Structures are given as structure tokens and as C-alpha cells.
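Reading through the C-alpha cells given below for one structure.
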Amino acid sequence: MSPPREWMCGQQRLWMEASDLLCMELHGTFDVAAVEAYLRLVFDLADRHGTFSLLADMRDLRGIAPQARSRLSRVDRPYPYRAVALHGASFTFAIMAMMVVKAGRTLAPAAFPFELAFFQTEAQARTYLAPFLHPPQGRG
């Protein structure tokens, strides 16, 4: 039986769209319990698959708890992302996400090796991530 390809971390839905693209829909408030589940998942996927990119839909995000922001910026090992593309973020949440990454890069620069970019639409975000993804394997 193969491992699941879709997960819930609190209200946040995640799925692997390809072996190197993790997709995430953020809903409601991203609290510290959901962040802990998210971090366990991300680092477990890294142990099994290596590095990958993250495409996150922030259109339905309503809040990020202060403890959650702090936890996201304080990780024990490098995030396994090649690139992160966030789309649909309000101005406030885009600034908040940028500040989490900046804080993390100040506290542990090696833990945040990825490129981070913000887009209005999913299509723009996917276009940005395309060069960071592995091409599909051909059948021979």
C-alpha cells in the first residue's frame, strides 16, 4: 500500500502533485498545532523524497497565530524547498510571510535556502515554479 498523497494539518490541506511539488491550501487560522503537523510532514517528505518546491494558495487564510509565525521561523534543520511560490495573499499576509522568512534567515540562514516569490494568481505562481521542478520521467 502506498503512503497517502494528501494530508490535513489542522484546516490546512496539502498534497503532492508531483514527486517534487507540494501544494498547500491555507484556510482559516494557521495555528501552532497545525504548524507542528505541517513541519513534521514537510521534513518526513524530505527524508523520503529529497528537495521539492511549494505552491501555496493563501486566498482563504484568515490569520497566522504569533506562536505559529515564531515556530515557522525557528526550525531545527533546513527547509527542503527549492522554491516557494505563494499566491492570493493579502498585503498583510504577504508581509507576514516575508517577515517569517527574514526572521528565520537571521536566526538560522542555512535553514532557509529557497527562493520565495508572491503572485496574484496560481497560474503566475506555477509559471515561476516550472524551472525548479524536475521534468516528468519518460517511458521507455
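Please treat every number below as a calculation from the coordinates, not as lab data. Nothing here was measured: the structure is a model prediction, and the numbers come from that model. FYI the Cβ positions are ideal-geometry reconstructions off the backbone, even for glycines, and counts take in every protein chain you see.
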Phi to ³J(HN,Hα) by Karplus 6.51 cos²θ - 1.76 cosθ + 1.60 over the range 55-61, Hz, x for Gly, Pro = 10, 10, 9, 9, 4, 9, 6
query = If you take the charge dipole of the chain about its Cα centre, with +1 on Lys and Arg Cβ and -1 on Asp and Glu Cβ, which of S19, T106, H87 is farthest toward its positive end?
reply = T106
query = In debye to the nearest 20, how big a dipole does the range 6-132 give about its Cα centre with +1 on each Lys and Arg Cβ and -1 on each Asp and Glu Cβ?
reply = 420 debye
